[in-house]
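The values are calculated or read from the model by the stated rules, or taken from the named source; none is laboratory data. Quantities reported herein were computed from a predicted structural model and do not represent experimental measurements. Here the Cβ is made from the backbone with ideal geometry for all residues, glycine too, and neighbour counts use every protein chain on show.
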Amino acid sequence: MISNCNIMRQDILMAEEIFGPNLGSVKGRTTRRPTKHVNITSKVLEEILNKYRDVRLAIDIIAINKIPFMVSMSRNIHFGTAELIRDKTKWILMTSIQQIMWAYHARGFHVRNIIADWGFECKK
């Protein structure tokens, strides 16, 4: 219907097949449906608890754009945490370590060792 247009009806049908429907028009006409609630349980499988109940934790402080974070990683289960900290005072670091330990304890693990560099020597 448009003069000097080399796009055929077949081309449009193939494009719809490849790329799917026009999402802009679909988003404007559809309403949001409520989603099902996600049931989150904090229970850990007994096999994992029996094998890795005692946790060895490695912690360090990193800075991203001069913003300090306390990061931790457990040796065997490879569960990592990262927490924004205001500064590197003893009180702040001890509170952060306690929160990490509580997260493990709430799931049935026991933090036995904490491996850190010399920056944590005063917190020993």
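In the stretch 43-51, is there at least one residue being among the aliphatic types (A, V, I, L, M), at pLDDT 90 or above and surrounded by 13 or more Cβ atoms within 10 Å (Cβ to Cβ)? No. Among the residues of the stretch 83-93, which ones are loosely packed, with under 12 Cβ neighbours inside 10 Å and touching a helix residue (DSSP H, G or I) at 6+ places or on another chain (Cβ under 7 Å)? Within the stretch 83-93, 86, 90 meet the criteria.
Under the condition of being of a type in the set (Ser, Thr, Tyr) and either assigned to a helix (DSSP H, G or I) or in contact with a Gly (Cβ under 7 Å, 6 or more places away or on another chain) (or both), the residues counted in the stretch 71-119 number 4. Filtering the stretch 94-121 to residues that are surrounded by 10 or more Cβ atoms within 10 Å (Cβ to Cβ), over 23 Å from the mean Cα position of the chain (by Cα) and at pLDDT below 90 leaves 117, 119, 120.
A residue that is over 30 Å from residue 121 (Cα atoms) and at pLDDT 85 or above can be found somewhere in the stretch 18-37. If the condition is being touching a strand residue (DSSP E or B) at 6+ places or on another chain (Cβ under 7 Å) and closer than 27 Å to residue 51 by Cα, then the stretch 78-96 contributes 80, 81, 82, 96.
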